[in-house]
Structure formats: structure tokens, C-alpha cells
Amino acid sequence: MTSALYDFVWRGLLTEEALDGAGRQGRHLVDQPLTAITEALNFDLLDPDEVDASSRMAAVHLAITAFERSARRFVKKILQAGNGETWWEDCVSQKIRDFAAKRQDEENKVKWHGTRGDDPLTYTEMGQLVDIINQNWELFEPHVRRQDWATSIFSTIERSRNVIMHSGTLDIEDIERLGMNIRDWVKQVGS
């Protein structure tokens, strides 16, 4: 019986390896139902009040993340339209490129964890996006109109982002301000 069980498990492992080698997409936890995610994260072991407060801030985190992702997509789209495939080298300062490369190198050293991907823009900080906009103002002016406005939007959103990312909570006034800034940005440049 032990030999049969061993053979069964071994064949299963070989099958899994063959499927992965053939290009099978990884099974991601985010594709699972919410109950599977909460079980995997051991929510039942955490303080219910902390989970409740965190779930409220998760909605804020969702808005900030969606804003940041769309802002990165916007910056890349404008730079690619203006400079083609060499936009990263031609339009982004050496200081920011070095920062992103160092962050990407550090992330790639941790083999057991996923990475942000290959797009170097994802390795920049949020505040660096507005620096990139300002460095290429002639390309962004038709969309953004004023540098100080863009700087103010990103600065305000980044302040809220940093509170949320470091386990803090925002007051309703901060959340409303965040929402107003996101709305204004999207109305001006699109989503």
C-alpha cells in the first residue's frame, strides 16, 4: 500500500511539473473565492476589530492602487507616443532609472516571491511619476495643463497612500479629499 501511495504521489508531482513546463499558468490565490483567501490568511486568528478597521481602509487602498496603476499607464502612454520604444531611456532621468533598476535588482534577488514584472515604471515611487511628467512637460501639458496642479494631486494622494500602506487609518475628511483628487485627475486626463 505504501508503495502504491508513493507511486501515485510521485506521478502527480511529475504531472504537475510537466504541466508547468508546458506553460500552464500558475494558480493564483486571487482567482480563488474570498473564503479561500480569508482561510489562507488565517483571519480567524486576528483581532476582529483590527480586521474590521483594516477592511474599511482596504476600500481606500483599492482606490489609491487603481489611481496609481492608471497614472503609470497614462505616463507610459504619453511617453511612448512622444518617443516610441526608447521612452524610458530618452525621457526618464538617470537618477530615476537608477532608482528603479536598483529596486528591481533587489526584488529579483528574492526568488521565492513574485515581482512587479518587467516594466521599469512599476519600480518607481509615486512621487517620481510627477517628476517624470515635469521632466517631459511639453508632452504632458496638453493633458495636464499645469505642473503645480499635478504635483499637488500626486502629493496629496501619496500622503494618504503612505498612511494606508503603513497600517494607518484615514479620517473621513482625508478620504473625501482623496476622492476629490482622484475625481479631478480622472476628469482632466482620463482613467
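Counting only aspartates and glutamates at least 8 places from K187 when in the same chain, those with an alpha carbon closer than 18 Å to its own are E68, E141, D148, E176. Taking label positions 7 Å along the Cα-Cβ direction at both S155 and D49, the computed distance is 3.6 nm, reported to one decimal.
The phi-based Karplus calculation (6.51 cos²θ - 1.76 cosθ + 1.60; θ = phi - 60°) puts the 3J(HN,Hα) values of the range 117-127 at x, 9, 6, x, 5, 6, 9, 8, 7, 4, x Hz, whole numbers, x for Gly and Pro. Charged side chains reduced to their Cβ positions (Lys and Arg at +1, Asp and Glu at -1) give the range 47-189 a dipole of some 400 debye around its Cα centre. Sequentially through the range 137-148, phi angles give Karplus couplings (6.51, -1.76, 1.60; θ = phi - 60°) of 4, 4, 7, 9, 3, x, 9, 9, 6, 9, 5, 5 Hz, Gly and Pro residues having no value and appearing as x. Remark: the Cα gyration tensor places the range 47-189 in the oblate category, a/c being 1.5 or greater and a/b not exceeding b/c. Evaluating 6.51 cos²θ - 1.76 cosθ + 1.60 at θ = phi - 60° for every residue in the range 40-52, the Karplus couplings come out as 5, 8, 6, 4, 4, 8, 8, 4, x, 5, 5, 5, 5 Hz, glycine and proline recorded as x.
Read the figures in this text as sums done on the coordinates, not as results from a lab. Remember, it's a predicted structure, so these values are computed and weren't measured experimentally. Note that we place each Cβ from the backbone using ideal geometry, even for glycine, and neighbour counts take in every protein chain shown.
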